[in-house]
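Beneath this line is the structure, given in structure tokens, with notes to follow.
Just so you know, all these numbers are worked out from the coordinates, no wet-lab data involved. Keep in mind that what you see is a predicted model, and the values were worked out from it rather than measured. Here the Cβ positions follow ideal geometry from the backbone for every residue, glycine too, while neighbour counts run over all protein chains shown.
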Amino acid sequence: MNNIIEFNNVTYNYSSEDADYIVLKDFNLNIKKGSFTVILGHNGSGKSTLAKLMNGLYKPQSGSVLVNGINTLDEELDLKVKSTVGMVFQNPDNQIVASVVEEDVAFGPENLGLPQEEIRQRVDSALKTVNMYEHKNDMPHKLSGGQKQRIAIAGVIAMLPECIVLDEPTAMLDPKGRQDVIDTIYKLNKEHGITIVLITHFMEQAKYADRVLVLNNGEITADGTPIEVFSKPEFLKNSGLDIPQTTELIFELAKKGLNFKNGIISVDDTANAIAAALRK
Amino acid sequence: MSFLEVKNLTYTYSKNTPFFNDAVEDVSFSVEKGEILAIVGHTGSGKSTLVQHLNGLIKPTKGEILFCGQNIWNNEKNISSIRSKIGLVFQYPEYQLFEETVFKDIAFGPKNLGFSEQEINESVLNSAKLVGISQEYFNKSPFDLSGGEKRRVAIAGVLAMKPQVIIFDEPTAGLDPIGRNNILNIIKNYKKEHNATVIMVTHSMEDVALLADKVLVMNNGKKAMFGTPKEIFSDRNKLLSVGLDVPLITNVLLKLNELGFNFESNIITVDEAVNAIINCKGGADNA
């Protein structure tokens with residue numbers, strides 16, 4: 001089995017007093033094991049709903065979501081699903097439950113009823129992975145937003161998930177905190193083989209992914225490598241997304257007659273490409 | 001005389017206890033009528049504490065705040081009139097809505113300032129229009145709106161008091177690009193219509209480059225730099241040392257200079273960069 005998550009013809013509605021809002025309709029998507037997927041989309045595009053369907057926090061009204069082949073509608077295997085796919089949310093303050101960092105990280109494993117030594121070992125290892133081991137005895141409210149978010153990630157890692165879904169984990173962080181969290185996520189994927197689904201507004205974070213999806217009104221409107229997706233800046237703008245300044249620069253220069261290959265994102269690649277074009 | 005001037009401002013948390021801590025230390029700067037001042041700095045650098053002084057929410061431990069030359073704490077009983085002239089929009093203002101209807105929420109400030117019925121109606125209509133909230137929303141509960149709409153209603157509530165200085169603490173945090181552009185346009189339009197002064201705390205160097213006339217860089221409660229965006233962004237090493245960076249576009253040109261080109265260090269927007277690179281290309285072609 002190659003896919004860790006499979007959406008088969010999923011439909012999901014919100015109902016309120018006035019009307020039903022269809023968020024997803026006949027939605028299909030496969031997430032490969034070990035992959036790093038970034039999902040982009042403006043507010044209200046259905047990103048967060050999609051995330052919560054991935055580990056059974058929301059259940060589809062029709063169709064099915066399979067996690068390692070297990071249907072998320074199967075109540076008996078719900079714990080199995082949630083320990084396979086961990087979730088990290090936007091606001092770090094809403095995700096921390098204990099008054100000491102290591103106790104917070106231990107919360108999940110303790111609830112699994114694991115032996116003491118196993119919990120100790122998992123907590124230490126998770127804190128080391130997110131570079132927060134030296135803060136294990138600190139009080140979470142004394143930490144910065146980025147540090148708190150890494151504690152939240154450590155709490156998820158301590159459950160030994162195969163996949164982590166992160167719903168705008170850096171939206172409330174400053175640039176330094178943002179970069180620390182992104183570096184941590186990247187490391188989990190590359191060094192620990194954990195499948196990552198990252199939902200974000202920050203386009204430059206897409207460069208870390210091996211697959212980028214653009215979601216608009218509950219539909220996937222683009223699906224490809226970062227280079228493929230970012231080579232269509234007009235399309236991204238029309239989808240209500242921002243493009244990185246680097247991509248915009250290349251696009252504007254190309255309009256004025258300089259020649260580049262498309263979809264360049266990083267600062268170094270951009271500078272190298274411009275240097276080559278100027279020296280032609 | 002400057003429009004708004006901060007002189008040697010110091011604020012100490014938990015003063016006279018063993019836990020005392022200088023959140024703001026000896027900060028001075030000034031801003032003129034109609035200018036946009038951006039305040040940047042990493043988390044915990046004292047930005048939010050600093051701006052809460054500017055409309056008298058916090059009283060400085062030392063130093064003074066002069067508005068049109070008058071110390072705002074000269075007449076302590078009068079401090080609420082300062083708050084009508086210097087408005088403050090907090091971080092995540094959408095969590096501060098509380099009235100039954102959108103109209104009442106926007107009207108709350110003007111009402112408290114003793115505006116007449118007609119003035120209230122007028123200012124609510126104007127500020128709702130400015131933030132793009134249509135009159136159909138006036139009788140709705142603010143809690144039934146989307147996150148972006150809530151934020152705009154909250155901003156309208158401050159604009160309705162027609163402040164001469166308006167302070168925004170991270171107005172675009174957590175918004176998507178459309179929401180962000182909305183808010184930035186509201187700020188620009190209010191400034192233009194009222195020749196108001198805008199003070200904006202932000203993490204986005206790209207927004208600073210596009211909008212600001214002046215930039216105050218805070219680090220550990222102290223003023224680290226003060227100047228125009230071009231002046232600030234031409235010293236990348238100093239910015240890096242306080243945990244910040246220049247806009248992405250400036251980094252591309254610095255990298256090009258490392259590769260042997262000779263671009264000016266004060267290019268901070270995409271348009272400027274496109275022009276500079278095309279000129280460079282033209283120069284090379286003609287040579």
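The charge dipole of chain A, taken about its Cα centre with unit charges on the Cβ of Lys, Arg, Asp and Glu (plus for the first two, minus for the last two), comes to roughly 1060 debye. Across peptide B:42-52, the mean count of Cβ atoms from other chains lying within 10 Å of each residue's own Cβ comes to 2. Here the Karplus relation 6.51 cos²θ - 1.76 cosθ + 1.60, evaluated at θ = phi - 60°, turns the backbone of the stretch A:103-111 into coupling constants of 5, 5, 5, 7, 4, x, x, 4, 5 Hz, with x for every Gly and Pro.
Give the angle, between 0 and 90 degrees and rounded to the nearest 10, that separates the Cα long axis of helix B:248-258 from the longest principal axis of the Cα atoms of chain B. Between the helix axis and the principal axis of chain B, the angle is about 20 degrees.
Between the listed residues A:235, A:208, B:216, the Cα displaced farthest toward the positive end of the dipole of the protein assembly as shown, a dipole computed from Cβ unit charges relative to the Cα centre, is found at B:216. Note on the stretch B:139-234: antiparallel DSSP beta bridges, both residues inside, total approximately 50 percent of the bridges counted.
Over all Cα atoms in the stretch B:41-120, the spread is summed up by Rg and Dmax: 15.1, 44 Å. Pairwise Cα distances in chain B exceed 36 Å in 23 percent of cases. Selection among B:177, B:38, B:163 by position relative to the dipole of the stretch B:4-244 gives B:38 as farthest towards the positive end (Cβ unit charges, Cα centre).
Residues considered: B:136, B:35, B:100. Largest GNM mean-square fluctuation over chain B, using C-alpha springs under 10 Å, is found at B:136. Using the Cβ-Cβ distance between residue B:228 and residue B:195 with R0 = 25 Å, the FRET efficiency computed as 1/(1 + (r/R0)^6) comes to roughly 0.80. In the protein assembly as shown, the calculated helix contribution to ellipticity at 222 nm averages -11500 deg cm²/dmol per residue, counting -39,500 (n - 2.57) for every DSSP H run with n ≥ 4.
Positive end of the dipole of the stretch A:3-225 (Cβ unit charges, origin at the Cα centre): among A:111, A:179, A:29, the Cα lying farthest that way belongs to A:179. Under 5 Å between amide hydrogens, built in the peptide plane, is the criterion, and for residue B:43 it picks out nothing among residues at least 5 positions away or on other chains. For chain A, the share of DSSP beta bridges that are antiparallel, to the nearest 5, is 55%. Restriction of the trypsin sites (Lys or Arg not before Pro) in the stretch B:1-77 to DSSP coil positions whose beta-carbon has at most 14 other beta-carbons within 10 angstrom yields B:15, B:33. With contacts taken as Cα pairs under 8 Å at a separation of at least 6 residues, the stretch A:208-280 carries a relative contact order of 24 percent. Calculated FRET efficiency, residue A:227 to residue A:116, Cβ-Cβ distance, R0 = 35 Å: about 0.15 to the nearest 0.05.
For the stretch A:1-97, the gyration tensor built on C-alpha atoms gives a rounded shape. Its axis ratio a/c (a ≥ b ≥ c) stays under 1.5.
Counting only DSSP beta bridges with both residues in the protein assembly as shown, the antiparallel share comes to about 55 percent.
Using C-alpha pairs below 8 Å separated by at least 6 residues, the relative contact order for the stretch B:4-244 is 28 percent. Multiplying the residue separation of residue B:220 and residue B:139 by 0.36 nm and subtracting their alpha-carbon distance yields 24.6 nm. Cross-link partners for residue A:52 among the lysines, with Cα-Cα distance under 17 Å and sequence neighbours closer than 8 places in the same chain left out: A:25, A:80, A:82. Straight Cα distances below 14 angstrom link residue B:162 to the aspartates and glutamates B:119, B:122, B:193, with same-chain residues fewer than 8 positions distant left out.
Averaged over all directions, how much area does the convex hull of the C-alpha atoms of the stretch B:247-287 cover when projected, in nm²? It would help to have the intermediate numbers written out before the result.
Details: hull surface 10.7 nm².
Average of the hull's projected areas for the stretch B:247-287 equals 2.7 nm².
Averaging 1/r over each pair of different alpha-carbon atoms in the stretch B:106-212 and inverting the result gives 14.4 Å, the Kirkwood hydrodynamic radius. The modelled label-to-label distance between residue B:236 and residue B:280, using points 7 Å beyond Cα along the C-beta direction, is 1.2 nm. Between the helical axis of B:102-112 and the longest alpha-carbon principal axis of chain B there is an angle of about 80 degrees. Computed about its Cα centre, the charge dipole of the protein assembly as shown is approximately 1180 debye, with only Lys, Arg, Asp and Glu carrying charge at their Cβ. GNM remark for chain B: springs join alpha carbons under 10 Å apart, and the peak mean-square fluctuation among B:225, B:161, B:200 falls on B:225.
What's the angle, to the nearest 10 degrees (0 to 90), between helix A:116-129's Cα axis and the longest principal axis of chain A? Result, in degrees: 20. Would you kindly give the portion of the calculated P(r) for the protein assembly as shown that falls above 39 Å, as a percent of all Cα pairs? Every Cα pair in the protein assembly as shown considered, those over 39 Å come to 35 percent.
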